[in-house]
Structures are given as structure tokens and as C-alpha cells.
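Q: After the C-alpha cells below, expect a handful of questions from me.
Read the figures in this text as sums done on the coordinates, not as results from a lab. Just so we're clear, the structure is a prediction, and the values are computed from it rather than from any experiment. Don't worry about glycine lacking a Cβ; one is built from the backbone with ideal geometry, like all the others, and counts go over all protein chains shown.
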Amino acid sequence: MMIWILLIGVPMLIGFWAQSQVSSAFGKWKQVGVASNKTGAQVAREILREANINDVEVLPIQNALGDHYDPVKKVLCLSPGVYEESSVAAVGIAAHECGHAIQHSMAYAPLKWRMMIVPATQFASTMLPFIFIAGFFFHAFHLIMLAVVCFFVLVVFNLITLPVEFDASRRAKIILQQTGVVQTGAEANGVNKVLNAAALTYVAAFVAALGQLIYFFIQSTRSR
């Protein structure tokens, strides 16, 4: 029971806390406009243009906080609160996603690694519940170990994601000040808080995946 609490329960609590930090930071700084009065979409297009990236389309999506860059389709998708608004939170998130597009154009190694492991990650995420349940139900050690391998793939994916996300945020903070989108110390501080809070969710995801891997590996050795 104690092992479950340490390796599963605690990481879950960290994840909930990290997500609450994102919601809180975004909720606060979406109320604060930037002096440049540029929307997230305008900022994204300007950053891409300055980086000589002309094959990436900036599109609106309806998913709140579902902002992302798709390196396969080469589209930068921004939620309504980012695409249409000229807030500190909006320009920070838009610039962060542009950071991924810039990484892609520069063949940033960790991004390439993450793209390579995506198919394996998708397969592991889909099959994991069925493999693990079947393994314990039929007391099949090899199936249980296959589930552990799936957890390992998820851990590797989350580990590779960390430098990708941190680097995109680093680029965003620099670009916003260089382009004059962020003009005051208060605006820069707001961008930092929003992006730093978002980074916590990726750290929490890695901790959770690692905890699950260790826990189920211990369980698999016991079942053997």
C-alpha cells in the first residue's frame, strides 16, 4: 500500500497541482493585455515570418489550452483564448508553439527523437490496458513484462519531451522581447509565470510515468 502511495498516488497529486498552476496562471494573465496590442495569431505569424518559416500555417482550434504545433502537417494550432486575444498569456503561448516550429526548421535533435518515438508511444498507450489486464488475469508473466516495456516507452517519451518543451519556452521568452511584443517587465514576468507553470505539467507527467514504471515492474517481479 505504501509503495502504491509513493509511486502512483504522490505523482498523481503532483499532476493535479501542476495542472491547477497552469489554469491559475493562464486565468490571471489572460486578463492582462500587452502594450503592443497584438493577438496570439498575429504574434505567431510575425515570429514565423522573422524566422523565415513560410510553410507553417497558423490555425484556430476550439480546444481550450489545446494549443500545439503539428510537425507532420506543419500547422500551428491556437485555441480561441490565444488566437484571438492580445493578452500576456496569449502571446506567451503563441510564441512557445512557434518555438517548436523553429526547432523543427532547425532539425533540433530532441524534437526529432520525439517525432521518431511517437508511433511507439501511441501503440503503447493504446495496448497497455489490454496487455496488463490480460497478463494478470491469465497470470502470464511475459504479458506483464510486455506491459512494463510499454510503460518504459512512455517514460522515454516523457523524458525526451522535457528538453523539447523547456527549449521552446526559452526561445519564446527571448523572441518576445527581441521583437518588442513584450515591452515591460510586468509583461515579461507574466509570460515567465505562464510558461513556467506549463512546464510543470511536463515534469509531472514524467514523474507519474516513472512512478508507474517502477511500481508495475515491482508488481511483475512479485507475480513471477
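Q: Give the number of residues within the stretch 9-35 that are small (G, A, S) and buried (at least 18 other Cβ atoms within 10 Å of the Cβ).
A: We begin by selecting, within the stretch 9-35, every residue small (G, A, S); these are 9, 15, 18, 20, 23-25, 27, 33, 35.
Applying the additional criterion that residues be buried (at least 18 other Cβ atoms within 10 Å of the Cβ) yields 18, 25.
Qualifying residue count for the region: 2.
Q: Follow-up. Return the residues of the stretch 49-65 that are of a type in the set (A, V, I, L, M) and over 20 Å from the mean Cα position of the chain (by Cα); say none if nothing qualifies. I'd like the intermediate steps shown before the answer.
A: Step one: filter the stretch 49-65 for residues of a type in the set (A, V, I, L, M), giving 51, 53, 56, 58-59, 61, 64-65.
Selection gives A51, I53.
Q: Provide a single number: the residues in the stretch 198-219 that are surrounded by fewer than 21 Cβ atoms within 10 Å (Cβ to Cβ) and closer than 23 Å to Q31 by Cβ.
A: Residues that pass the stated criteria total 3.
Q: Now a separate question. Grab the helices (runs of 4 or more DSSP H) fully contained in the stretch 1-99, keeping just those with 3 or more residues being under 23 Å from L200 (Cα atoms) and without any contact (Cβ under 8 Å) to a residue 24 or more places away in the chain. Before the answer, list the steps.
A: Working: elements: 10-29, 40-50, 80-83.
The qualifying helices (runs of 4 or more DSSP H) are 10-29.
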